[in-house]
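Take a look at the structure set out below.
The values are calculated or read from the model by the stated rules, or taken from the named source; none is laboratory data. These numbers come from a predicted model, not from an experiment. Here the Cβ is made from the backbone with ideal geometry for all residues, glycine too, and neighbour counts use every protein chain on show. Accessible surface is based on the protein model in full, side chains and every heavy atom, while ligands, DNA and RNA are left aside. Shrake-Rupley method; radii C 1.70, N 1.55, O 1.52, S 1.80 Å.
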Amino acid sequence: MMKKKIIVANWKMNHDFYETTSFLRNILKIVFEKKIEHNKKIIIAPSYPFLHISNQIVQGTFINIASQNVCCMEHGAYTGEVSAIMLKSIGIRSVIVGHSERKKYFFEKESIFLKKIKVSIKHNIYVIFCVGETLDDRKKNKHFSVIKNQLYETVFNCTEKEISYLCIAYEPIWAIGTGKNATNEQIQIMHKFIRSLFFKKYGSYVANNIYILYGGSINHTNVKRILYEKDVDGGLIGNSSLKLDNFLKIINS
Ligand code: PGA
């Protein structure tokens, strides 16, 4: 059976309360009234303060809400942090972990990502885990070993049961927010490589079933050809998910 493609909108630190709620209400209204076709799973990740209201707005619709982050600790004296338990208590079922912006600006490392993965899964929250190489890695032909190490330091410490809560997003850092998406060939080769690593570690069932998304300058003009690739199970989209028109074109593509 063909896997249903997943589109994840990562809004990052954009959209205030009004923009978040009106985007969600409008998209539901337009898709319903214009009967827009969408055969994809749609996940939107707004900012922390708006997760609860967002989840209420999309209740029972085709849209799911994800958190952009989670604390690696379960509870306690960690000022400013939000736990998996808290997310679960407001009905959040998935979280993005390992985004390169968390590494670049907040100095998070693979060891922290692994804790975030484990604590989320412990509370039945699905994890969209990001991996990606820098341009320098790619120029030096180190991109395969970089991705392999990122996986071995993180998700490959999970049991097979835990892996069923995971989805991988391959996001070459040089393609994020730059308008320069990777070529279809680069994407397919890397996705196939990632799948082969899952095969070696967990066997064919996990390798065939794990979702591997691509992220990095996806927009409504390139999304169709990127999602067409055999090992691409969906997309993680930043900039182009912020405007309703563009996002509608993406989910309708
Ligand atoms: P972009 O961001 O689509 O703006 O390149 C993708 C991401 O950071 O997940």
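Is it possible to state the helix-based mean residue ellipticity at 222 nm for the chain, with each DSSP H run of 4+ residues giving -39500 (n - 2.57), the sum divided by total residues, to the nearest 500 deg cm²/dmol? What is it? Mind dumping the intermediate values first?
Details: 12 runs with 109 residues, N = 253.
About -12000 deg cm²/dmol.
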Total formal charge among the other residues, if their Cβ is under 13 angstrom from that of residue 248, Lys/Arg +1 and Asp/Glu -1
+3
The answer for residue 64, listing residues at least 5 apart or on another chain whose modeled amide H is closer than 5 Å to its amide H, is 42, 43, 44
Rh by Kirkwood over Cα pairs, then Stokes-Einstein D for the chain at 0.692 mPa s and 37 °C, µm²/s
179
As I understand it, the dipole of segment 5-251 uses +1 on the Cβ of Lys and Arg and -1 on the Cβ of Asp and Glu, about the Cα centre. Which of 49, 99, 17 lies farthest toward its positive end?
99
Along the charge dipole of the chain, which of 158, 2, 60 sits closest to the positive end, that is, farthest toward it, with unit charges on the beta carbon of Lys, Arg, Asp and Glu (+1, +1, -1, -1)?
2
Considering only Cα-Cα distances, which of the following residue pairs are longer than 32 Å: 3/116; 35/148; 29/109; 29/103; 201/243; 142/249?
35/148; 29/109; 29/103; 201/243; 142/249
Scan around residue 216 for amide H atoms under 5 Å from its own, H built in the peptide plane at 1.01 Å from N, and keep only partners 5 or more places away or cross-chain.
236, 238
3J(HN,Hα) from dihedral phi, segment 65-79, Karplus parametrisation 6.51/-1.76/1.60, rounded to Hz, x for glycine, proline
10, 10, 8, 7, 6, 7, 6, 7, 9, 7, 6, x, 7, 10, 3
For segment 72-151, what is the convex hull volume of its Cα atoms per residue in Å³?
94
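What is the dipole size for segment 1-141, taken about its Cα centre, with +1 at each Lys and Arg Cβ and -1 at each Asp and Glu Cβ, in debye to the nearest 20?
Values: 23 positive and 12 negative charges, 112 e Å.
Its charge dipole is roughly 540 debye.
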If one builds a Gaussian network model of the chain from Cα atoms under 10 Å apart, the most fluctuating residue listed among 73, 13, 190 is 13
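If you place +1 on the Cβ of every Lys and Arg, -1 on the Cβ of every Asp and Glu, and leave all else neutral, what size is the dipole of the chain about its Cα centre, to the nearest 20 Debye? Can you show the working numbers first?
Details: 36 positive and 21 negative charges, 107 e Å.
Rounded to the nearest 20 debye, it is 520 debye.
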Could you give me the ³J(HN,Hα) list for segment 123-130, computed from phi with Karplus coefficients 6.51, -1.76, 1.60 and θ = phi - 60°, whole Hz, x at Gly and Pro?
9, 6, 9, 6, 10, 9, 9, 9
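As an exercise, take the mean of 1/r over every pair of distinct alpha carbons in segment 106-219, invert it, and state the Kirkwood radius in angstroms.
Hydrodynamic radius (Kirkwood, Cα only) of segment 106-219 equals 14.5 Å.
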Taking amide H positions as placed 1.01 Å from N in the peptide plane, with prolines and chain starts having none, which residues 5 or more places from residue 95, or on another chain, fall under 5 Å of its amide H?
67, 126, 127, 128
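Which of the DSSP-defined H helices in the chain satisfy a minimum axial length of 20 Å, computed from C-alpha atoms, and a minimum mean Kyte-Doolittle hydropathy of 0.0? It would help to have the intermediate numbers written out before the result.
Details: long enough: 17-33 (24 Å, 0.40); 184-202 (26 Å, -0.42).
Once both thresholds are applied, what remains is 17-33.
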Out of the total accessible area of segment 5-251 (probe 1.4 Å, heavy atoms of protein only), what percent is carbon and sulfur?
55
